[in-house]
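Beneath this line is the structure, given in structure tokens, with notes to follow.
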Amino acid sequence: MISASNVSFGLYPGLTHGGTTAIQAHGSADIQERFLPKMVSGEWSGTMCLTEPHCGTDLGMLRTKAVPQDNGSFKITGNKIFITAGEHDLTDNIIHLVLARLPDAPKGVKGISLFVVPKYLPKPDGSVGPPNGVLCTGIEHKMGLKASATCQTSFDDSTAWIVGEPN
């Protein structure tokens, strides 16, 4: 019903649904417990961060990197463009699903991994914690879909967790 009345606004719950589906299908139990309840309730929203400025739709050329940490998390650094619902204040947190490459990943699309990168790190009690190095660096100006905040996003040593298997 939301999309029938306003396609632009319908992208917010639509992208969140896509994120919850990916996390439910491929995320660890810890990731599912940490993110799904707030995303499903609508307290937190979701995005998908795929495209980079230098490669457009050729995902095999992506440069966003994921560096493993001793505690099992990763640090994500890179830039993405055309992030629908990437920056807004409609929810308390924005959970980004980000494509990135591990240091030893094979070249091309076979070396891409998926990561959960929250705008704000969740506290152990599930509340919103400190900022996570996720920055909106520009708003995309489009001919249509004006009610959808589409932006450019920078990840600066942002804490992340892998969804599924590497590569």
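The values are calculated or read from the model by the stated rules, or taken from the named source; none is laboratory data. Every value quoted in this text rests on a predicted model; they were computed, and no experiment measured them. All Cβ positions, glycine included, derive from the backbone under ideal geometry; neighbour counts span all protein chains shown.
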Next on the checklist: Condition first: touching a residue at least 60 places away in the same chain (Cβ under 8 Å), under 17 Å from Ser148 (Cα atoms) and surrounded by 21 or more Cβ atoms within 10 Å (Cβ to Cβ). Now tell me which residues in region 68-108 satisfy that.
Outcome noted: Lys80, Ile83, Ala85, Gly86, Ile95
Checklist entry - If you check every pair at least six apart or on different chains, which have Cβ atoms under 8 Å apart with a residue in region 36-54 that is closer than 24 Å to Ser154 by Cα first and a residue that is in a helix (DSSP H, G or I) and among the charged types (D, E, K, R) second? => result Trp44/Lys38
Checklist entry - Of all residues in region 24-61 being among the charged types (D, E, K, R) and surrounded by fewer than 13 Cβ atoms within 10 Å (Cβ to Cβ), which is farthest from Phe9 (Cα to Cα)? => result Asp30
Checklist entry - Which of the residues belonging to region 120-167 are under 25 Å from Ala25 (Cβ atoms) and in a strand (DSSP E or B)? => result Tyr120, Leu121, Pro122, Val134, Thr153, Phe155, Ser158, Thr159, Ala160, Trp161, Ile162, Val163
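Which one of these is farther than 14 Å from Asp92 by Cα, of a type outside the set (A, V, I, L, M), in contact with a helix residue (DSSP H, G or I) (Cβ under 6 Å, 6 or more places away or on another chain) and surrounded by fewer than 19 Cβ atoms within 10 Å (Cβ to Cβ): Gly10, Gly18? Let's see the steps before the verdict.
Details: Gly18 fails: in contact with a helix residue (DSSP H, G or I) (Cβ under 6 Å, 6 or more places away or on another chain).
Answer to the selection: Gly10.
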Checklist entry - Quick check: anything in region 34-51 among the polar types (S, T, N, Q), modelled with pLDDT of 95 or more, touching a Phe, Trp or Tyr at 6+ places or on another chain (Cβ under 9 Å) and not in a loop (DSSP other than H, G, I, E, B)? => result yes
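For the subset of region 110-126 comprising residues that are without any contact (Cβ under 8 Å) to a residue 60 or more places away in the chain and surrounded by 12 or more Cβ atoms within 10 Å (Cβ to Cβ), which member is nearest to Ile23 (Cα to Cα)? Give the derivation first.
Within region 110-126, the subset without any contact (Cβ under 8 Å) to a residue 60 or more places away in the chain is 110-113, 115, 119-121, 123-125.
Imposing the further condition that a residue be surrounded by 12 or more Cβ atoms within 10 Å (Cβ to Cβ) reduces the set to 111-113, 115, 119-121.
On the way: Gly111: 20, Ile112: 16, Ser113: 13, Phe115: 10, Lys119: 16, Tyr120: 18, Leu121: 17 Å.
Filtering first and then ranking leaves Phe115.
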Checklist entry - Assuming Leu36 fulfils every condition listed in (1) more than 16 Å from the chain's Cα centre (by Cα); (2) of a type in the set (A, V, I, L, M); (3) farther than 20 Å from Gly144 by Cβ apart from one, which condition is it? => result (1)
Checklist entry - Within region 127-165, can you find the residues that are touching a Pro at 6+ places or on another chain (Cβ under 9 Å), surrounded by fewer than 18 Cβ atoms within 10 Å (Cβ to Cβ) and farther than 30 Å from Ser5 by Cβ? => result Gly129
